[in-house]
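**Student:** I have a structure here, written as C-alpha cells, and I will follow up with some questions on it.
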Amino acid sequence: MINAKLHLTERYELDDRIVSLLSFANDNRSDPLMSGFDIMLLLVTDEDAVSESISHYIKEDVRIQERRVSAKRLEQWLFDDDRRVVIEWLLKGEIWIDRTGYLRSLRDRLVQFDQELRDRKLLKEFAKFLRTYSQSKEYLNQNYLLDAYTNILTALHHWARIAVIESGAHPEVIVWQQVYQINPGVYKLYDELTHSDETLEQRIQLLVLACEFAIVSKMKDCCALLLRILGSRSQPWSVSELQEHPQIKHLDIDLSPVLKKLVAKSLVKEIAVAQDANLSLAELQYSA
C-alpha cells in the first residue's frame, strides 16, 4: 500500500492539470459505495471542460478507483442527493496533493459548516420534503396506499436530514443512526411508520399530519436563503430568475411549490406583472 501511494503521488505530481488529490481507503470491503475497490482517489483538476471522468486501476493487488473532477463540479456534488458520500470522502480522506490549498480550504468550510452552506442545504431538503409530503397526501386521498407510503417515507428522510443540518452536522448517507441521537422525536415517527401495529392507512395519516405541522413550523428558517434573495432588490422576481440564481441553480429543486406555500402563509407576496396588454396576460412574480 505504501509503495502504491508513493507511485501514485509521483505520477500525479507530474500532471500540472491536477490541483489537488485526496484518497479514501476502504476499511469495509463489502461497502457498496466503494464498489469493491480498496482506494478511491479524488483528483481535482483545473479543467472545467472535462467536468468528470472515472478510471479503474490495480497495482500490487490494490484495486483503485480514480474519480477526476473539476473544482466547479465537485462543489456541485455537495448538494447532489446521489453523491452524499462525497462529504464523507472530503472530511475523512487523506490529502496527498494540494498545490493551492483548495481541498484543505473546502474541508475547513465543511467542518465549520458555515451559514451559507447550511442555508442552501436546508432549502434543498425542505423543497424535497414539501414535494414528497404533498405527493403522499394526494396518493392517500386517492387511496393509493403503497405509493402514499413510499412518498411519506421519503418525506421523513428529508425531515431527518433537516434535523441533522439544524444540529450543525452534515447528514450521513445512513442518516437514521444520526437522527436517533440528534432528534429522537423524528426517529420515533420513523419507527411508528415502519413498525406500528396500526393499519398502513392509519400510519400514513399520522405521518401526513406530523409532516404538515413540521412544514409550517420550519418553513421560515428552511427558506431563509430564498427569502433573503427575494428581499435583495425592490423589483419582484420571476420564478425563472430565482431558479437561475447562482445560490439556487445547482440545488436541483423545483421552487414552484415552495413559493406557493410561502405565499399561502403570507411570507412572500405574489405580484401579477403585465406582459401583454392585448391578451391581458400577466406573469406571476414574487417579492419578500
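The values are calculated or read from the model by the stated rules, or taken from the named source; none is laboratory data. Predicted model, so just to flag it, every value in this text is computed and none were measured. As a convention, Cβ positions derive from the backbone with ideal geometry for all residues, glycine included, and neighbour counts pool all protein chains shown. Please note that ligands, DNA and RNA were not included when accessible areas were found on the heavy atoms of the full protein model with its side chains. Shrake-Rupley method; radii C 1.70, N 1.55, O 1.52, S 1.80 Å.
**Student:** Going by the structure shown, is residue 124 open to solvent by 30 Å² or more (accessible area, probe 1.4 Å) and touching a residue at least 40 places away in the same chain (Cβ under 8 Å)?
**Tutor:** Criteria not met by residue 124.
**Student:** If you check 206, 193, which single one turns out to be open to solvent by 70 Å² or more (accessible area, probe 1.4 Å), part of a helix (DSSP H, G or I) and over 23 Å from residue 109 (Cβ atoms)?
**Tutor:** Sole residue among the options that is open to solvent by 70 Å² or more (accessible area, probe 1.4 Å), part of a helix (DSSP H, G or I) and over 23 Å from residue 109 (Cβ atoms): 206.
**Student:** If we keep just the residues of the stretch 15-38 that are over 17 Å from residue 100 (Cβ atoms) and modelled with pLDDT of 80 or more, which is surrounded by the fewest Cβ atoms within 10 Å (Cβ to Cβ)?
**Tutor:** 25
**Student:** On to the next question. Among the residues of the stretch 235-288, which ones are over 24 Å from residue 216 (Cα atoms) and hydroxyl-bearing (Ser, Thr, Tyr)?
**Tutor:** 240, 280
Residue by residue, here is whether (1) part of a strand (DSSP E or B); (2) closer than 27 Å to residue 76 by Cα; (3) free of Cβ contacts under 8 Å to residues at least 40 places away in the same chain holds:
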| site | (1), (2), (3) |
| --- | --- |
| 218 | no, yes, no |
| 226 | no, yes, no |
| 232 | no, yes, yes |
| 245 | no, yes, yes |
| 250 | no, yes, no |
| 258 | no, yes, no |
| 262 | no, yes, no |
| 272 | yes, no, yes |
| 282 | yes, no, yes |
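**Student:** Confirm whether residue 80 is closer than 16 Å to residue 253 by Cα, touching a residue at least 40 places away in the same chain (Cβ under 8 Å) and open to solvent by 10 Å² or more (accessible area, probe 1.4 Å).
**Tutor:** Taking the combined requirement at face value, the residue satisfies it.
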